[in-house]
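Undergrad: Before I ask anything, let me first share the structure, which is written out below as structure tokens.
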């Protein structure tokens with residue numbers, strides 16, 4: 001059951017990275033309580049896979065620039081939360097009619 005929970009882990013448009021991480025931590029804690037270990041690399045792969053539909057460009061960038069076998073899950077989540085905040089800020093500025101130009 002827990003394995004299927006990890007395998008079915010997906011992020012939907014309405015969910016945040018924080019909610020995804022909370023679900024992942026909950027599944028990891030349940031697995032640990034049952035004597036199953038889910039190593040960092042496996043957790044990173046599960047998160048990356050779950051984000052493919054919503055953030056394909058970010059996933060590709062992470063895969064190309066990071067060693068997924070050595071990437072800490074906390075580092076990945078921090079990076080994704082920062083990315084999500086920046087996306088939300090860009091959406092807000094577009095809806096307010098503002099133009100955001102970065103030099």
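Undergrad: Find how much the distance from residue 89 to residue 61 grows on full extension, using 0.36 nm per residue of separation minus their present alpha carbon separation; answer in nm with one decimal.
TA: 8.0 nm
Undergrad: Right, something else. Using a basic spin-label model with each label point 7 Å from the Cα along Cα→Cβ, how many nm lie between residue 42 and residue 18?
TA: In this crude spin-label approximation the distance works out to 2.9 nm.
Read the figures in this text as sums done on the coordinates, not as results from a lab. Just so you know, these numbers come straight off a predicted model, no measurement behind them. Virtual Cβ from ideal backbone geometry, glycine too; neighbours counted across all protein chains shown.
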